[in-house]
C-alpha cells in the first residue's frame with residue numbers, strides 16, 4: 001500500500017472533525033416558505049370593556065351582557081382619582097371588563113361578525129395590538145335582543161403575542177423584549193388577514 005493511499009482516510013477524518021463541519025451537521029436547513037416557531041403570532045387575550053360612568057343601571061347591564069358572551073367572570077373597573085367636577089371619587093365603579101384567554105380566537109370570530117369581518121388600519125397600534133368598538137351587541141354572532149339590556153355597545157381590545165413575550169411580564173429577572181420578537185403594525189395586519197379579516 002502506497003503512502004498516498006494511507007493518507008487519504010486521515011484527510012477525510014480531519015474534514016469531519018473541523019468545527020465548521022460539526023456545526024453544519026447540527027444545523028438543519030430550514031424548509032423554504034416555513035416560519036420559525038418563535039416568530040409565529042398568536043392571540044394572547046381578548047379584553048371586553050363597557051364604560052358606564054356613574055350609571056349603576058348600565059353597569060349591571062354590562063355585567064349581564066358579559067355573562068352571555070363568556071363564562072369568564074367580569075370585574076368592575078373603578079376610579080383611582082377624585083375629580084369633583086365629574087362627581088368621581090376613588091373606588092367608584094364606572095364600568096366593567098372581562099379578559100378572555102382560553103378560546104380567545106373563537107370569541108374573536110363571533111365579535112368580528114358584528115364588524116362584517118372588516119377592520120381599518122386605524123384599529124391597529126404600533127405595538128401590533130388592535131381594538132374596535134361594537135355599537136350594538138345584537139350584531140354579535142349568537143346573541144339576540146334582550147329587552148332588559150335594550151341597546152348596549154362595548155369595546156374590544158385584542159392582544160397579540162409571540163413565544164418569549166413572558167420575559168417582559170415575569171416577576172423575576174424581567175427583561176426587555178428583543179427587537180426581532182416585537183410585533184409591528186404591518187405584521188399584525190397580515191396576521192388578521194390570514195384570520196379572515198379584511199383590513200382597509
*Tell me which of these residue 144 doesn't satisfy, since it passes every other one: (1) touching a residue at least 24 places away in the same chain (Cβ under 8 Å); (2) touching a helix residue (DSSP H, G or I) at 6+ places or on another chain (Cβ under 8 Å); (3) surrounded by fewer than 14 Cβ atoms within 10 Å (Cβ to Cβ).*
(1)
*Is it fair to say residue 144 is assigned to a loop (DSSP other than H, G, I, E, B) and farther than 30 Å from residue 57 by Cβ?*
no
*asked:* If I ask for residues that are surrounded by fewer than 14 Cβ atoms within 10 Å (Cβ to Cβ), more than 19 Å from residue 72 (Cβ to Cβ) and touching a residue at least 40 places away in the same chain (Cβ under 8 Å), which ones from the range 84-106 would you list?
replied: none
*When residues of the range 176-200 are limited to those that are assigned to a loop (DSSP other than H, G, I, E, B), closer than 20 Å to residue 37 by Cβ and more than 14 Å from the chain's Cα centre (by Cα), the one modelled with the highest pLDDT*: 178
*asked:* Looking at the structure I just gave you, is residue 9 out of contact with any helix residue (DSSP H, G or I) (no Cβ under 6 Å at 6 or more places or on another chain), surrounded by fewer than 10 Cβ atoms within 10 Å (Cβ to Cβ), at pLDDT below 50 and part of a helix (DSSP H, G or I)?
replied: yes
_I'd like the full set of residues that are in a helix (DSSP H, G or I), loosely packed, with under 14 Cβ neighbours inside 10 Å and in contact (Cβ under 8 Å) with a residue 24 or more places away in the chain, limited to the range 57-75._
68
_Subset of the range 107-122 (residues that are free of Cβ contacts under 8 Å to residues at least 12 places away in the same chain and either surrounded by 18 or more Cβ atoms within 10 Å (Cβ to Cβ) or not in a loop (DSSP other than H, G, I, E, B) (or both))_ = 122
*Would you please name the residue that is farthest from residue 66 (Cα to Cα), looking only at residues in the range 126-135 that are surrounded by 12 or more Cβ atoms within 10 Å (Cβ to Cβ) and at pLDDT 95 or above?*
130
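The values are calculated or read from the model by the stated rules, or taken from the named source; none is laboratory data. Because the structure is a prediction, the values reported are computed rather than measured. Because the Cβ atoms are built from the backbone with ideal geometry, glycine has one as well, and the counts that use them run over all protein chains shown.
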